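Please read the structure below before turning to the comments.
The values are calculated or read from the model by the stated rules, or taken from the named source; none is laboratory data. Predicted model, so just to flag it, every value in this text is computed and none were measured. Virtual Cβ from ideal backbone geometry, glycine too; neighbours counted across all protein chains shown. In case anyone asks, the SASA skips ligands and DNA or RNA and just uses the protein heavy atoms, side chains included. Shrake-Rupley method; radii C 1.70, N 1.55, O 1.52, S 1.80 Å.
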Amino acid sequence: MACEKCECRCGAKVCIRMAHTALCVGVPVSLLFKNTVLAAALLHGQHLIVAILYVLLLVFSLAMYFLACCTDPGYLPLSVMFQRVKVNKNNNKEDSCGSEDSDEGSTMLKFNTEDGDFKYRVCDYCEIQQPMRTKHCEDCGRCVRKYDHHCPWLEACIGERNHKFFWMFLLSTALLIPCTFFIAWNGITHQPLWGDWLRANALLFVDLLVLLVGGLVVGGLLGFHTFLMARGLTTWEAVSRERITYLRYLDEGYNPFNEGLCTNVYHFLCSCRSRKWEGVYAHQAEISGSVA
């Protein structure tokens, strides 16, 4: 049963990613069959620099898409079992702290250690200790560091290690779409009769509709994820704050992971290592004095 589910998911990944590639390549290719700037540049050598820049942007967008798809988002190794915590001689796990101290898909467990009571979050599915900002993805069946969301268009999780590639994919696509829209719009030819106009411009009209819908979606996502990057947040934390143990008791406008615009952007785009968010949380709490 598990093998069948895995094969189904692999098939879905291949289909979705092939569909994305076909759409991204298909629209520009369709412009080559019409009297467009792109056709004049690539087929007749006119405006060659413009064509080269356009193709480079298209290739970059596809590269970022597949990097976001194929990069490990920050899966926790299943070998990091929560039983590794040093417990007392009886090795008795106390009752969970209840729904008030439980995240989505995880439970706060209390252990009696030599240093006193210690609580941490354990995934209800993987049974592994979850570092702060980690969430179990039911679609992937794994716990993901700095979990953002599971993207159906990538058929992949977005987490600590691939969020920057996802954002760069959105940025490059947001630049690519208006360029393509401009090329398609200027390729429309005037015809005196409605039937002749439709036959001459039907393909371009379809391209414009696809680009318009895609542009609205991509533009909205880019704006939202740029806001998250600037504030040091994730989608999960932004929409589920009241259900997250380390955020629900804080002031509504307070974000313990906000280290300032420049620092947030730097760590989002340039950091290659997993961060210990417990340390950032404690440091920011000490600075602000907002956490009891």
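Pairs, please: C-beta under 9 Å, at least 6 apart or cross-chain, first residue touching a residue at least 60 places away in the same chain (Cβ under 8 Å) and within 17 Å of Val213 (Cβ to Cβ) and in region 171-190, second of a type in the set (D, E, K, R) and part of a helix (DSSP H, G or I)?
Note: pairs meeting the criteria are Thr180/Asp207; Ala184/Asp207.
Return the residues of region 238-290 that are charged (D, E, K, R) and in contact with an Asp or Glu (Cβ under 7 Å, 6 or more places away or on another chain); say none if nothing qualifies.
Quick first cut of region 238-290, residues charged (D, E, K, R) only: 241-243, 248, 251-252, 259, 273, 275-276, 278, 286.
Once the filter is applied, which keeps residues that are charged (D, E, K, R) and in contact with an Asp or Glu (Cβ under 7 Å, 6 or more places away or on another chain), region 238-290 yields Arg243, Arg248.
Being out of contact with any Ser or Thr (no Cβ under 7 Å at 6 or more places or on another chain) and either among the aromatic types (Phe, Trp, Tyr) or at positive phi (or both): is that true of Phe182 here?
yes
Can you tell me which residues in region 119-135 are under 15 Å from the mean Cα position of the chain (by Cα) and without any contact (Cβ under 8 Å) to a residue 40 or more places away in the chain?
Going through region 119-135, the residues under 15 Å from the mean Cα position of the chain (by Cα) turn out to be 133-135.
Answer for region 119-135, where residues must be under 15 Å from the mean Cα position of the chain (by Cα) and without any contact (Cβ under 8 Å) to a residue 40 or more places away in the chain: there is none.
Does Phe82 count as modelled with pLDDT under 80, within 29 Å of Ile158 (Cα to Cα) and surrounded by 16 or more Cβ atoms within 10 Å (Cβ to Cβ)? Even if it seems obvious, please write down each step before you answer.
Values: modelled with pLDDT under 80: yes; within 29 Å of Ile158 (Cα to Cα): yes; surrounded by 16 or more Cβ atoms within 10 Å (Cβ to Cβ): yes.
In short, yes.
Taking the stated definitions as given, is Phe224 aromatic (Phe, Trp, Tyr), under 25 Å from Pro28 (Cβ atoms) and outside any loop (DSSP other than H, G, I, E, B)? Step through it out loud before you land on a result.
Numbers: aromatic (Phe, Trp, Tyr): yes; under 25 Å from Pro28 (Cβ atoms): no; outside any loop (DSSP other than H, G, I, E, B): yes.
Here the answer is no, as Phe224 does not meet what is asked.
Give me the residue from region 250-263 that is in contact (Cβ under 8 Å) with a residue 12 or more places away in the chain and in a loop (DSSP other than H, G, I, E, B) and, out of that set, farthest from Lys276 (Cα to Cα).
That would be Asp251.
Under 30 Å from Leu109 (Cβ atoms), charged (D, E, K, R), at pLDDT 95 or above and touching a helix residue (DSSP H, G or I) at 6+ places or on another chain (Cβ under 9 Å): does that describe Glu237?
Working: under 30 Å from Leu109 (Cβ atoms): yes; charged (D, E, K, R): yes; at pLDDT 95 or above: yes; touching a helix residue (DSSP H, G or I) at 6+ places or on another chain (Cβ under 9 Å): yes.
The answer is yes for Glu237.
Would you check if there is a residue in region 227-244 being more than 25 Å from the chain's Cα centre (by Cα) and either exposed (fewer than 15 other Cβ atoms within 10 Å of the Cβ) or assigned to a helix (DSSP H, G or I) (or both)?
In the first step, residues of region 227-244 are kept if they are more than 25 Å from the chain's Cα centre (by Cα); the result is none.
No, that holds for no residue.
If I filter region 142-154 for residues that are closer than 20 Å to Lys13 by Cβ, open to solvent by less than 60 Å² (accessible area, probe 1.4 Å), of a type in the set (Ser, Thr, Tyr) and under 26 Å from the mean Cα position of the chain (by Cα), do I get at least one hit?
yes
Matching residues to (1) surrounded by fewer than 16 Cβ atoms within 10 Å (Cβ to Cβ); (2) more than 19 Å from Ala39 (Cα to Cα):
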{"site": "Trp185", "(1), (2)": "yes, no"}
{"site": "Thr189", "(1), (2)": "yes, no"}
{"site": "Asp196", "(1), (2)": "yes, yes"}
{"site": "Asn201", "(1), (2)": "no, no"}
{"site": "Asp207", "(1), (2)": "no, no"}
{"site": "Val213", "(1), (2)": "yes, yes"}
{"site": "Val217", "(1), (2)": "yes, yes"}
{"site": "Gly220", "(1), (2)": "yes, yes"}
{"site": "Gly223", "(1), (2)": "yes, yes"}
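Would you point out the residue of region 12-36, among those that are touching a residue at least 24 places away in the same chain (Cβ under 8 Å) and either open to solvent by 60 Å² or more (accessible area, probe 1.4 Å) or among the acidic types (Asp, Glu) (or both), that is farthest from Leu204 (Cα to Cα)? Let's see the steps before the verdict.
Restricting attention to region 12-36, the residues satisfying the condition of being touching a residue at least 24 places away in the same chain (Cβ under 8 Å) are 12-13, 16-17, 20-21, 23-25, 27-28, 30-31, 33-36.
Still in the list and also either open to solvent by 60 Å² or more (accessible area, probe 1.4 Å) or among the acidic types (Asp, Glu) (or both): 13, 23, 33, 35.
Numbers: Lys13: 29, Leu23: 14, Phe33: 10, Asn35: 10 Å.
The selected residue is Lys13.
Do we find a residue being over 22 Å from the mean Cα position of the chain (by Cα), more than 21 Å from Arg161 (Cβ to Cβ) and surrounded by 14 or more Cβ atoms within 10 Å (Cβ to Cβ) anywhere in region 250-262? Steps first, please.
Our first condition is that a residue be over 22 Å from the mean Cα position of the chain (by Cα); within region 250-262, this holds for 250-254.
The next check asks that each one be more than 21 Å from Arg161 (Cβ to Cβ); those that pass are 250-254.
After this cut, where a residue has to be surrounded by 14 or more Cβ atoms within 10 Å (Cβ to Cβ) as well, the list is 250.
Looking for residues that are over 22 Å from the mean Cα position of the chain (by Cα), more than 21 Å from Arg161 (Cβ to Cβ) and surrounded by 14 or more Cβ atoms within 10 Å (Cβ to Cβ), one finds at least one in region 250-262, hence yes.
Under 7 Å between Cβ atoms, which residue pairs at least 6 apart in sequence (or on different chains) link something in region 268-285 that is open to solvent by 30 Å² or more (accessible area, probe 1.4 Å) with a partner that is at pLDDT below 90?
Tyr281/Tyr246
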